[in-house]
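Notes for the one structure printed next.
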Amino acid sequence: MNTQSGGTLSGQTVLVTGAARRLGRAIAERLHQEGANLAIHYRRSGQEAQALAAQMNAVRPRSAEAFACDLRELALLPGLIAQTLAAFGRLDVLVNNASSFYPTPVGEITPEQFEDLIGTNLRAPLFLAQAAAHELRLRRGLILNLIDIHGFKPLKRHPVYSAAKAGLLMLTQALARELGPEVRVNGIAPGPILWPDGPMDRDLKARIVARTILKRVGSPDDVARAALFFVRDAPYVTGQVLPVDGGRTAGGL
Ligand SMILES: NC(=O)c1ccc[n+]([C@@H]2O[C@H](COP(=O)([O-])OP(=O)(O)OC[C@H]3O[C@@H](n4cnc5c(N)ncnc54)[C@H](OP(=O)(O)O)[C@@H]3O)[C@@H](O)[C@H]2O)c1
């Protein structure tokens, strides 16, 4: 366990799901920079996850460890919490970031897609929260859910993903009631931050940016800084969801 002091989160442990790449990585890096120990969850990105853990441990020995888990496997979820506790002795913050995302036009939706999108975006956050609840109560901890502005209003051709994120939005409020007063539960609803991996129509990107008040996409660190706000600077905030979207929702989604 890390024993060095210094950062404002020194001594605390954070588990970030899907932390090897993209937004999850940015959140993990920023919270680690603030002194937290990091449980880096991944599924396929093992190399990136191990490299990130090594990078963090080079800064502060034994401050990070990577754990693999397919979050659709319900029976494995308590084990991820247990591994974090075994490695660091405590858990203060659970960041439900991992997600699957792809279109599911009506008429072509398969049961497998439904299972996958609901499984990663809604079911896993709930069952991880349940597995971590006892420890988070002890630590007066936080659950932070990565939602999406399309949890407020649906994204065209993505009904299952949108419904999963809307469910996660409600779960954020419901868990805040269920786990309070000891545990705070909040969410971040990113707008256009990082385009999905793979090809994406340039005109569509331009149209999305045009409908964003700040006329640009955000950066992963914009989301990471919002995460730090909830972890460190928001002790009287629970059950809330903060859009980090350059004004996309305010401008009329
Ligand atoms: N990017 C954006 O602009 C944006 C916009 C709105 C909302 N969001 C939300 O913000 C969060 C982060 O966004 P992102 O774009 O960085 O996410 P992402 O790249 O689409 O996915 C993050 C990670 O989720 C993990 N994952 C997927 N399926 C999994 C499974 N079955 N079990 C375990 N892990 C699984 C993957 O880990 P491995 O790589 O290790 O397999 C992946 O790297 C997500 O919740 C997303 O919905 C993002």
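Is one or more of the residues making up the stretch 217-228 away from the ligand (no atom under 12 Å from the Cβ), under 15 Å from the mean Cα position of the chain (by Cα) and among the hydrophobic types (A, V, I, L, M, F, W, C)?
yes
Within the stretch 107-133, track down each residue that is of a type in the set (Asp, Glu) and more than 18 Å from Asn145 (Cα to Cα).
Within the stretch 107-133, Glu108, Glu112, Glu115 meet the criteria.
Given the conditions (1) in contact with a Leu (Cβ under 7 Å, 6 or more places away or on another chain); (2) more than 22 Å from Gly198 (Cβ to Cβ); (3) assigned to a loop (DSSP other than H, G, I, E, B), and given that His32 satisfies all but one, which numbered condition is not satisfied?
Condition (3) is where His32 drops out.
Any residue that is among the polar types (S, T, N, Q) and within 13 Å of the ligand (Cβ to nearest atom) - is there at least one of those in the stretch 159-173?
yes
Within the stretch 31-44, does at least one residue satisfy the condition of being touching a residue at least 12 places away in the same chain (Cβ under 8 Å), of a type in the set (Lys, Arg) and away from the ligand (no atom under 15 Å from the Cβ)?
No, the conditions are met nowhere in the stretch 31-44.
For the subset of the stretch 54-102 comprising residues that are acidic (Asp, Glu) and touching a strand residue (DSSP E or B) at 6+ places or on another chain (Cβ under 9 Å), which member is nearest to the ligand (Cβ to nearest atom)?
Step by step, filter the stretch 54-102, then rank; the result is Glu65.
Return the pairs, sorted by first residue and then second, in which the second residue is among the aromatic types (Phe, Trp, Tyr) and modelled with pLDDT of 95 or more, the first residue lies in the stretch 1-28 and is over 19 Å from Gly89 (Cβ atoms), the beta carbons are less than 9 Å apart, and the residues are 6+ apart or on different chains.
Pairs that qualify, where the first residue is over 19 Å from Gly89 (Cβ atoms) and the partner is among the aromatic types (Phe, Trp, Tyr) and modelled with pLDDT of 95 or more, are Thr17/Tyr42; Gly18/Tyr42; Ala19/Tyr42; Ala20/Tyr42; Arg21/Tyr42; Gly24/Tyr42.
I'd like the residue in the stretch 174-193 that is over 17 Å from Gly151 (Cα atoms) and assigned to a loop (DSSP other than H, G, I, E, B) and, out of all such residues, is farthest from the ligand (Cβ to nearest atom). Let's see the steps before the verdict.
First, the residues of the stretch 174-193 that are over 17 Å from Gly151 (Cα atoms): 176-184.
Narrowing further to those that are assigned to a loop (DSSP other than H, G, I, E, B): 180-183.
Values: Gly180: 23, Pro181: 27, Glu182: 25, Val183: 20 Å.
Filtering the stretch 174-193 for residues that are over 17 Å from Gly151 (Cα atoms) and assigned to a loop (DSSP other than H, G, I, E, B), the one farthest from the ligand (Cβ to nearest atom) comes out as Pro181.
Can you name every residue in the stretch 29-69 that is acidic (Asp, Glu) and under 15 Å from the mean Cα position of the chain (by Cα)? Walk me through how you get there before you give the answer.
Step one: filter the stretch 29-69 for residues acidic (Asp, Glu), giving 29, 34, 48, 65.
Glu29, the sole residue that qualifies.
Search the stretch 230-240 for residues being in contact (Cβ under 8 Å) with a residue 12 or more places away in the chain and out of contact with any helix residue (DSSP H, G or I) (no Cβ under 6 Å at 6 or more places or on another chain), and hand back the single one that is surrounded by the fewest Cβ atoms within 10 Å (Cβ to Cβ).
Pro235
The values are calculated or read from the model by the stated rules, or taken from the named source; none is laboratory data. Only a predicted model underlies this, so the values are computations on that prediction, with no experimental measurement involved. Glycine gets a Cβ as well: all are built from the backbone with ideal geometry, and neighbour counts include every protein chain shown.
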